[in-house]
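*Asks:* The structure's right below; bear with me while I get my questions together.
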Amino acid sequence: MSDSKYLNTEELDDYIQSRKFEDYVYIIMSEAYSGIKDRNVRIEWGRAGANAAIIWSQNKIDIIRCNRGVRNWPEPVLYGLLSHELSHIALGANLHLEVQADRDVIDRGLGPYLAIERLFTQKHFDHILLEGEDRYLGFMSIRKLLSSDDVHQLETLMSDLGMKPPIREE
Ligand SMILES: [Zn+2]
């Protein structure tokens with residue numbers, strides 16, 4: 001930390017990247033989360049499980065902490081990452097399972113972004129939590145839950161990003 005009253009380079013970068021991510025959040029919320037559009041969702045940086053996590057949610061303010069490593073991810077992949085967190089907020093943060101957040105994203109029509117995020121992070125198959133009581137959906141499971149329009153959108157995103165489906169299919 002610098003004792004200057006001005007932001008140092010790292011702080012300035014954090015600030016600029018937070019505004020960019022908050023713009024993405026705003027776009028996604030306008031598109032698919034009308035029920036929570038009055039909430040003020042802020043981004044901060046630091047260690048977060050699963051690359052992003054809700055760390056505070058109260059009084060219409062929600063804070064999503066993201067790992068700095070996600071900053072250079074492609075925009076559609078970030079939409080998937082942030083949608084999952086917005087579904088936590090929409091469902092009432094922390095009172096539900098990861099699989100419910102994933103399914104909520106799909107129900108809102110953002111499944112193609114969630115799928116592309118799981119493909120990008122090489123989560124091809126479900127990741128079991130709580131001895132089977134909960135799970136993160138992998139790319140293959142999400143793809144099976146998509147409508148044909150959503151599958152088409154996913155294929156377009158994959159083609160735009162030069163991404164291929166997993167070799168081993170179930
Ligand atoms: Zn989650």
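What follows draws every value from the coordinates through simple rules; no lab data is involved. Nothing here was measured: the structure is a model prediction, and the numbers come from that model. Neighbour counts run over all protein chains shown; Cβ positions are idealised from the backbone, glycine included.
*Asks:* Any idea how many residues of the stretch 85-111 are of a type in the set (S, T, N, Q) and surrounded by fewer than 21 Cβ atoms within 10 Å (Cβ to Cβ)? If you could, list the steps in order and put the result at the bottom.
*Replies:* Restricting attention to the stretch 85-111, the residues satisfying the condition of being of a type in the set (S, T, N, Q) are 87, 94, 100.
Those still in the list that are surrounded by fewer than 21 Cβ atoms within 10 Å (Cβ to Cβ) too: 94, 100.
The qualifying residues number 2.
*Asks:* If Tyr15 passes every condition in (1) part of a helix (DSSP H, G or I); (2) of a type outside the set (Gly, Ala, Ser); (3) closer than 27 Å to Ile106 by Cβ but one, which one does it miss?
*Replies:* (3)
*Asks:* Hey, among Ile89, Ile43, Ile36, which residue is within 12 Å of the ligand (Cβ to nearest atom), among the aliphatic types (A, V, I, L, M) and over 28 Å from Gly162 (Cα atoms)?
*Replies:* Values: Ile43 fails: within 12 Å of the ligand (Cβ to nearest atom); Ile36 fails: within 12 Å of the ligand (Cβ to nearest atom).
None of the other options fit; the residue is Ile89.
*Asks:* Report whether or not Leu157 is more than 20 Å from Ser30 (Cα to Cα), in contact with a helix residue (DSSP H, G or I) (Cβ under 6 Å, 6 or more places away or on another chain) and surrounded by 18 or more Cβ atoms within 10 Å (Cβ to Cβ). Can you show your working first?
*Replies:* On the way: more than 20 Å from Ser30 (Cα to Cα): yes; in contact with a helix residue (DSSP H, G or I) (Cβ under 6 Å, 6 or more places away or on another chain): yes; surrounded by 18 or more Cβ atoms within 10 Å (Cβ to Cβ): yes.
Considered against the rule, which asks whether it is more than 20 Å from Ser30 (Cα to Cα), in contact with a helix residue (DSSP H, G or I) (Cβ under 6 Å, 6 or more places away or on another chain) and surrounded by 18 or more Cβ atoms within 10 Å (Cβ to Cβ), Leu157 comes out as yes.
*Asks:* Next question. Is it true that Val99 is under 23 Å from Asp23 (Cβ atoms) and of a type in the set (Val, Ile, Thr)? Outline the logic, then answer.
*Replies:* On the way: under 23 Å from Asp23 (Cβ atoms): no; of a type in the set (Val, Ile, Thr): yes.
No, not satisfied.
*Asks:* Could you list all residues from the stretch 53-62 that are surrounded by fewer than 16 Cβ atoms within 10 Å (Cβ to Cβ) and touching a residue at least 12 places away in the same chain (Cβ under 8 Å)?
*Replies:* Answer for the stretch 53-62, where residues must be surrounded by fewer than 16 Cβ atoms within 10 Å (Cβ to Cβ) and touching a residue at least 12 places away in the same chain (Cβ under 8 Å): Lys60, Ile61.
*Asks:* Select from the stretch 145-160 the residues that are assigned to a helix (DSSP H, G or I) and among the hydroxyl-bearing types (Ser, Thr, Tyr) and list them in ascending order. Steps first, please.
*Replies:* Narrowing the stretch 145-160 to residues assigned to a helix (DSSP H, G or I): 145, 148-160.
Scanning the stretch 145-160 gives Ser148, Thr156, Ser159.
*Asks:* Then there is this: Collect the residues in the stretch 58-76 that are closer than 19 Å to Asn94 by Cα and out of contact with any helix residue (DSSP H, G or I) (no Cβ under 6 Å at 6 or more places or on another chain), keeping them in residue-number order.
*Replies:* Selection gives Gln58, Asn59, Lys60, Ile61, Ile63, Arg65, Cys66.
*Asks:* Restricting the search to the stretch 67-80, which residues are farther than 15 Å from Ile55 by Cα and of a type outside the set (Phe, Trp, Tyr)? Lay out the reasoning, then the answer.
*Replies:* Initially, the stretch 67-80 is screened for residues farther than 15 Å from Ile55 by Cα, giving 68-80.
Passing the criteria: Arg68, Gly69, Val70, Arg71, Asn72, Pro74, Glu75, Pro76, Val77, Leu78, Gly80.
*Asks:* Looking at Leu114, Leu82 in this structure, which one is among the aliphatic types (A, V, I, L, M), surrounded by 14 or more Cβ atoms within 10 Å (Cβ to Cβ) and touching a His at 6+ places or on another chain (Cβ under 9 Å)? Full working, then the answer.
*Replies:* On the way: Leu82 fails: touching a His at 6+ places or on another chain (Cβ under 9 Å).
Testing whether each residue is among the aliphatic types (A, V, I, L, M), surrounded by 14 or more Cβ atoms within 10 Å (Cβ to Cβ) and touching a His at 6+ places or on another chain (Cβ under 9 Å) leaves just Leu114.
*Asks:* Still on this model: Out of all the residues in the stretch 137-144, is one or more assigned to a helix (DSSP H, G or I) and of a type in the set (Lys, Arg)?
*Replies:* Our first condition is that a residue be assigned to a helix (DSSP H, G or I); within the stretch 137-144, this holds for 139-144.
Okay, now just the ones that are also of a type in the set (Lys, Arg), so 143-144.
The answer is yes; a qualifying residue exists.
*Asks:* Look through Leu137, Leu97, Leu130 and report the one residue that is farther than 19 Å from Val25 by Cβ, within 14 Å of the ligand (Cβ to nearest atom) and more than 16 Å from the chain's Cα centre (by Cα). Break it down into steps so the answer makes sense when it comes.
*Replies:* Numbers: Leu137 fails: more than 16 Å from the chain's Cα centre (by Cα); Leu97 fails: more than 16 Å from the chain's Cα centre (by Cα).
Answer to the check: Leu130.
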